[in-house]
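Worksheet for the structure shown next.
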Amino acid sequence: MPVLKNWQEEKQSAWLYRKIAAREMDITRKKLFYDLADGADKQAFIWEEKIKTADQAKPLVYRPDFRTRVVGILIKTVGAESMRYILSAMKVRGMSIYSAPFAASSHSAATHLESRHKGLNTAGNFRAAVFGVNDGLVSNMSLVLGVLGANASHHMILLSGIAGLLAGACSMAAGEYVSMRSQREFFEYQIALEKEELELYPEEEMAELMHIYRARGIPLDEAKKMAELVINDPSRALDTLAREELGLNPNDLGSPVGAAVASFLAFATGAFIPLVPLFFHAGHVALFYSIGLTGIALFLIGGMLSLFTSRNALWSGLRMLLIGATAGGLTFLIGKLIGTVWQ
């Protein structure tokens, strides 16, 4: 029964809000979650009244299910910030305060959060591409060295490298597609819930939004005014609620196909680098050029990753080179051992 399910979800949210508030050390955030708990109880009461009008007079008593109790224990042990994505999936709002800084005014808050969403998406895509290239590079170079260590012919080494490129790229693309598809469906479900709640009880949604603004340090009067302006503007209400309550950008939920293609190309690009010399040379000459080209690529990738870690680019490049050399060396030795045993 949808009405009963809605009541259960609101009571579950209220129960979790109070668990978060009890664990929260920051006074402002503690008050936010207690206020959100009260708001969820009020929304649950609305659903309870509808259940009563449907001639179901049996008193409703909420008892957290096993999953909710487990999440409650995790909140108590590791904190809500570490659980924010799971909590968002369980209809707990306000998780965006753990990923967005407090702001002093409505204009600066909105501007900063909008730019932050775009900046994170751009940086995240670039970082994923760099790691995809690195995965392909290290895994395929290790594969080539492993087959080489087993004393395989040049034809077999090249064939193994091409097979490794295709298998790895397809696996990465399939995994990324499933992951992005699941993530997008989850986001769409959460946004649909927000749309339904906005239509059913806009005043309660306005109160939730006001509490979130207050938790960011915005004065009460200004927070209330901001929330009223948002809720009274249908063209931006759902968009703002998704950003502030869920921490989502409705205009950028990600494309599963695009993510799969990008993942395939990134991995394939990295995996192709060790193979280039094998198309033109054979024997020790090909191996020398392949290792050298791979080493240069690993060093450059390590240097690019320093953009995300703020560490010295030279040290990051050398560290990545060392990691790749270790992986390749171990695979070569294992291949050598297997080749010796099978002879």
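The values are calculated or read from the model by the stated rules, or taken from the named source; none is laboratory data. Since this is a predicted model, take the numbers as computed values, not measurements. No Cβ is skipped: glycine too gets one built from the backbone with ideal geometry, and neighbour counts run over all protein chains shown. Only protein heavy atoms, including side chains, enter the accessible area calculation; ligands, DNA and RNA are left aside. Shrake-Rupley method; radii C 1.70, N 1.55, O 1.52, S 1.80 Å.
Among the residues of the stretch 40-53, is there at least one that is open to solvent by 90 Å² or more (accessible area, probe 1.4 Å) and at pLDDT below 80?
For the stretch 40-53, residues open to solvent by 90 Å² or more (accessible area, probe 1.4 Å) and at pLDDT below 80: present.
Do you know which residues across the stretch 151-186 are closer than 16 Å to residue 280 by Cα and open to solvent by 70 Å² or more (accessible area, probe 1.4 Å)?
Across the stretch 151-186, the qualifying residues are 155, 156, 159.
Only one of (1) open to solvent by 30 Å² or more (accessible area, probe 1.4 Å); (2) under 30 Å from residue 182 (Cα atoms); (3) modelled with pLDDT of 80 or more is not met by residue 252, so which one is it?
Failed condition: (3).
Would you call residue 191 of a type in the set (Val, Ile, Thr), within 30 Å of residue 260 (Cα to Cα), part of a helix (DSSP H, G or I) and open to solvent by less than 40 Å² (accessible area, probe 1.4 Å)?
Yes.
Testing residue 16 on (1) over 16 Å from residue 197 (Cα atoms); (2) open to solvent by less than 30 Å² (accessible area, probe 1.4 Å); (3) free of Cβ contacts under 8 Å to residues at least 40 places away in the same chain, one condition comes back false. Which one is that?
Status for residue 16: all satisfied but (3).
Which one is nearest to residue 14 (Cα to Cα) among residues in the stretch 70-79 that are at pLDDT below 90 and open to solvent by 70 Å² or more (accessible area, probe 1.4 Å)?
Restricting to residues being at pLDDT below 90 and open to solvent by 70 Å² or more (accessible area, probe 1.4 Å), the top hit is 76.
Give the residue that is farthest from residue 62 (Cα to Cα), with candidates limited to residues of the stretch 24-39 that are in contact with a helix residue (DSSP H, G or I) (Cβ under 6 Å, 6 or more places away or on another chain) and surrounded by fewer than 22 Cβ atoms within 10 Å (Cβ to Cβ).
Among those that are in contact with a helix residue (DSSP H, G or I) (Cβ under 6 Å, 6 or more places away or on another chain) and surrounded by fewer than 22 Cβ atoms within 10 Å (Cβ to Cβ), it is 28.
Looking at (1) part of a helix (DSSP H, G or I); (2) open to solvent by 10 Å² or more (accessible area, probe 1.4 Å), which is the one condition that is false for residue 21?
So residue 21 meets the others, but not (2).
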